[in-house]
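The values are calculated or read from the model by the stated rules, or taken from the named source; none is laboratory data. Bear in mind that the values here come from a model prediction, so they are computed numbers and not experimental data. Cβ placement follows ideal geometry from the backbone for every residue including glycine, while neighbour counts extend to all protein chains displayed.
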Amino acid sequence: MLPGEIKLYIENWLQSRYGQKTSINSADAIGGGSINEAYRLNTTAGIFFLKYNIAIRFPGMFTAEARGLTLLKEADCIDVPDVLHFADNGNYSFLLLNFIQGNSQTPDFWHTFGTNLARLHRKTATVFGLDHDNFIGSLPQSNRNHPNWIEFLINERLNPQMKMAVDSGMLNTTDVKLLDFLYKRLPEIIPVEPPSLLHGDLWSGNFITGNTGKPCIIDPAVYYGHRETDLGMTRLFGGFPQTFYEAYNAEWPLEPGWQQRIPINQLYPLLVHVNLFGGGYCSQVRQILNSIKN
């Protein structure tokens with residue numbers, strides 16, 4: 001059930017924006033998320049999407065997500081939900097978006113998705129990182145700026161996650177040595193590219209079909225990074241159809257060998273999953289690290 005404290009706040013906000021007669025008719029819980037509570041709000045002003053959490057659990061999470069969604073929206077390349085409001089109010093923090101009803105995918109859905117992601121990646125910056133930190137899942141994600149990708153990857157992505165995994169006993173010093181070996185090889189493996197605007201957590205659970213049948217991306221972990229990291233993430237949990245990758249390459253060809261670099265580009269999200277869930281993700285990390293050594 002939607003807490004009365006949040007219901008009252010949202011209703012007051014809706015009234016200030018849409019008129020004093022605006023009210024919430026019903027709030028229907030939506031499943032699928034493991035971090036936040038999510039609801040479909042049916043109101044006299046329309047349908048909205050709300051997610052909330054206890055304010056002290058993840059301070060700043062919804063502020064960072066709102067800023068990330070706004071960056072993606074301003075890029076004007078792929079559909080993104082509209083950020084309507086976000087706030088900390090009493091015991092709770094929340095994010096209010098327009099509700100994406102969804103539709104049947106258009107015949108060119110995956111071609112459009114690949115093309116539009118490449119166009120998003122053409123939005124570049126002068127440094128790797130972002131002007132604020134955010135989250136990957138429920139874990140804090142540092143976006144401190146670096147002039148080159150390898151420095152950023154090591155210091156802001158792989159090292160923090162490996163340290164967390166070792167401290168918790170999920171991984172060990174042998175794994176650290178293997179990662180250090182990879183670091184020495186990175187300059188010869190990863191091609192130099194400009195910092196691209198990334199979704200940052202682009203797996204199959206973080207896109208939906210929009211109201212017009214086109215792709216719509218959600219739940220980002222935005223930063224400016226190497227574009228192959230988004231592509232690596234798309235190949236993690238089942239992968240996207242081949243049409244997606246063909247369309248991407250037609251719009252902005254990837255450097256030769258990108259498919260062979262996919263495991264390296266999956267290390268960060270896999271380490272995140274080690275720290276969130278443990279289990280078989282440890283063996284996946286070790287498999288990648290050992291393949292580099294061999």
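If I filter region 70-91 down to residues being of a type in the set (Asp, Glu) and either in a loop (DSSP other than H, G, I, E, B) or not assigned by TED's automatic domain parsing to the domain that holds TYR9 (or both), which single residue comes out as nearest to SER196 (Cα to Cα)?
The selected residue is ASP76.
Looking at region 178-190, can you tell me whether even one residue there is within 26 Å of PHE277 (Cβ to Cβ), exposed (fewer than 13 other Cβ atoms within 10 Å of the Cβ), touching a helix residue (DSSP H, G or I) at 6+ places or on another chain (Cβ under 8 Å) and not hydrophobic (A, V, I, L, M, F, W, C)?
No, every residue in region 178-190 fails to be within 26 Å of PHE277 (Cβ to Cβ), exposed (fewer than 13 other Cβ atoms within 10 Å of the Cβ), touching a helix residue (DSSP H, G or I) at 6+ places or on another chain (Cβ under 8 Å) and not hydrophobic (A, V, I, L, M, F, W, C).
Applying the selection to region 38-69, what residues are without any contact (Cβ under 8 Å) to a residue 24 or more places away in the chain and in a strand (DSSP E or B)?
ALA38, ASN42
Of the residues ILE30, ILE35, which single one is surrounded by fewer than 18 Cβ atoms within 10 Å (Cβ to Cβ), in contact with a Ser or Thr (Cβ under 8 Å, 6 or more places away or on another chain), closer than 14 Å to ILE218 by Cβ and not assigned by TED's automatic domain parsing to the domain that holds THR212?
Values: ILE30 fails: in contact with a Ser or Thr (Cβ under 8 Å, 6 or more places away or on another chain).
None of the other options fit; the residue is ILE35.
Of these, ILE208, ILE154, which one is farther than 14 Å from LEU267 by Cβ, among the aliphatic types (A, V, I, L, M), outside any loop (DSSP other than H, G, I, E, B) and under 20 Å from the mean Cα position of the chain (by Cα)?
Values: ILE154 fails: farther than 14 Å from LEU267 by Cβ.
Every option except ILE208 fails the conditions.
Taking helices (runs of 4 or more DSSP H) that fall entirely within region 224-265, which contain at least 3 residues that are in contact with a helix residue (DSSP H, G or I) (Cβ under 8 Å, 6 or more places away or on another chain) and closer than 25 Å to GLN141 by Cα? Talk me through it step by step, then tell me what you get.
On the way: elements: 228-234, 242-251, 262-265.
Output list reads 228-234, 262-265.
Please find, among THR229, THR243, the residue that is among the hydroxyl-bearing types (Ser, Thr, Tyr) and surrounded by 23 or more Cβ atoms within 10 Å (Cβ to Cβ). Spell out the reasoning first.
Values: THR243 fails: surrounded by 23 or more Cβ atoms within 10 Å (Cβ to Cβ).
Within the list THR229, THR243, the selection yields THR229.
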